[in-house]
Amino acid sequence: MSTARETIGIGMVGHAFMGAVHSHAWRNVHRFFETPLIPRLAVLGGRDEGRAKAAAERFGWADVETDWRALITRDDVDLVDICTPGDSHAEIAIAALEAGKHVLCEKPLANTLAEAEAMAAAAAKASEHGVRSMVAFNYRRVPALAHARHLVESGALGEIRHVRSVYLQDWLSDPQSPMTWRLRKEKAGSGALGDLGAHIVDAAQFVTGERITGVSALTNTFVPERPDGDGGRGQVTVDDTALFLGRLSGGAVANFEVTRYALGRKNAMRLEVNGSKASLAFDFESMNELSWYDGTGRSTEAGFRRILVTEPEHPYVGVWWPPGHLLGYEHTFTNEVADLLTAIGEGTDPAPSFEDGLGVQRVLDAVERSAAEEARWTAVNSS
């Protein structure tokens, strides 16, 4: 029989796409996971009161605030969940940590390296007082990718030699698609690089357990202006695509590609790791599967085989459905907040930490610097 569990008040800032999936996770996590804390959806923050109230009613939040500063000072808020554009991440997160609130922050951690460094420093200081923080790289919580990490950790792949990763979407392929905050550097920090590249950088480092130490990069903007919704044209000030080579701390080489212009690719986030004993491959559009090649067997029977990652022994799967019953995108966020609630309840620092988010930001910064110098080899700052 389950013992009584304490509640934790959640205050979430932002209620669009990420706000919807985060709300789903907070609302359902304790119904599947035996987390030490049960989230209470205390208050939803949004600048437009009418829209915020409509979202709160739809998603199950008890109250709304139109000023995030008021939200983080409320007594019924113990954890602040940041689902806003990147230009506000640093200010909200640092203020919340200094107010003694736990923080979950969407990726990428910040718009600039300096902001990410300040956030990581604030998180480290808050941790000394039992205040926890985590950056929301939800793909770490895909059971197949988590299982891939276990395979690498076990030594099943042998020496890691080569990593390939891409993240391809097509929602900007039409040059008449309107301007959005994601196309403005002052709001988003970067384009496909920060939006998509942050995910595959973190996934590669998470699965291999190694850091990217240097890069050679190219970026490009295909459509420099777009309809702004007011009858005029808005200037696109971010990249549309980024491609870069990298070297990992263990000596392996890697290549990465991100774009929002790959027609027919809706959310093709892919990772392949090639080792001296075996190779594995993951494609988010088939997110419940891994492809596995065992290079130690007889060549006459060699070939990639499909692993269906739905067994109760696989990461996260045991609390969900019977084998063969597939999980979806929304489950990654529920798995994510389950890990965060467990860490807070146990008094440990969750992963990925703000320091991990800073590590990703350092790679993104190196990519931008390399691309600005015609693909010059650029070291990733380690401190």
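Please check the chain for the longest run free of GluC sites (Glu not before Pro) that are loop-located per DSSP (anything but H, G, I, E, B) and have at most 12 other Cβ atoms within 10 Å. Counting at most 12 other Cβ atoms within 10 Å as exposed, the longest clean stretch of the chain is 160-312.
Of the residues 331, 199, 129, the one that moves most in a GNM of the chain with alpha-carbon contacts below 10 Å is 129.
Extending 7 Å from the Cα toward the beta-carbon at both residue 299 and residue 381 defines two label points whose distance is 4.9 nm.
Give me the percent of the accessible area of the chain that comes from carbon and sulfur atoms, probe 1.4 Å, all protein chains in place.
The computed percentage sits at 49.
Here is the tail figure for the stretch 237-296: Cα pairs spaced more than 20 Å apart come to 43 percent of all pairs.
What whole-number value in Å² describes the accessible area per residue of the chain for a 1.4 Å probe? Can you show the working numbers first?
Details: 16550 Å² over 383 residues.
It amounts to 43 Å² per residue over the chain.
Since only 344, 287, 253 are under comparison, the one whose Cα sits farthest along the positive direction of the charge dipole of the stretch 252-383, derived from C-beta charges on Lys, Arg, Asp and Glu, is 253. When 208, 7 are compared by accessible area at a 1.4 angstrom probe, the order from most to least is 7, 208.
Ordering 189, 204, 296 by the projection of their Cα atoms onto the charge dipole of the stretch 188-325, which places +1 on the Cβ of Lys and Arg and -1 on the Cβ of Asp and Glu, puts 296 at the extreme positive end.
As a test of reading the structure, rank 125, 187, 107 by solvent-accessible area (1.4 Å probe, protein chains only), most first. Numbers along the way, then the final one.
Numbers: 125 135, 187 70, 107 25 Å².
From most accessible down to least: 125, 187, 107.
Dividing the mean sequence gap of close Cα pairs (under 8 Å, 6+ apart) by how many residues the stretch 274-383 holds gives a relative contact order of 13 percent. Taken over the stretch 117-273, the ratio of Cα radius of gyration to 2.2 N^0.38 Å equals 1.20. Partner lysines whose Cα lies under 27 Å from the Cα of residue 277, excluding those fewer than 8 positions away in the same chain, are not found. For the chain, modelled as a GNM whose springs connect Cα atoms under 10 angstrom apart, the maximal fluctuation among 354, 33, 17 occurs at 17.
More than 20 Å apart: what percent of Cα pairs in the stretch 26-185 qualify? So the pairs more than 20 Å apart make up 64 percent of the total in the stretch 26-185. Magnitude of the charge dipole for the stretch 254-383, about its Cα centre and with charges confined to Cβ atoms of Lys, Arg (+1) and Asp, Glu (-1), is about 520 debye.
Taking a straight Cα-Cα cut-off under 19 Å and skipping sequence neighbours fewer than 8 places away in the same chain, the lysines within cross-link reach of residue 187 are 107. Annotation: average projected area of the chain is 20.3 square nanometres, based on the convex hull of Cα atoms across all directions.
Taking the Cα centre as origin and putting +1 on Lys and Arg beta-carbons and -1 on Asp and Glu beta-carbons, what dipole magnitude results for the chain, to the nearest 20 debye?
Numbers: 38 positive and 52 negative charges, 132 e Å.
Here the chain has a charge dipole of around 640 debye.
Per-residue ellipticity at 222 nm from helix content only, as computed over the chain with -39500 (n - 2.57) for each DSSP H run of at least four residues, stands at -10000 deg cm²/dmol.
The values are calculated or read from the model by the stated rules, or taken from the named source; none is laboratory data. From a predicted model like this one, the values you see are computed outputs, not experimental measurements. A quick note on method: Cβ atoms are made from the backbone with ideal geometry, for glycine too, and the neighbour counts reach across all protein chains shown. Each accessible area value is taken on the protein alone, full model and side chains, heavy atoms only, with ligands, DNA and RNA left out. Shrake-Rupley method; radii C 1.70, N 1.55, O 1.52, S 1.80 Å.
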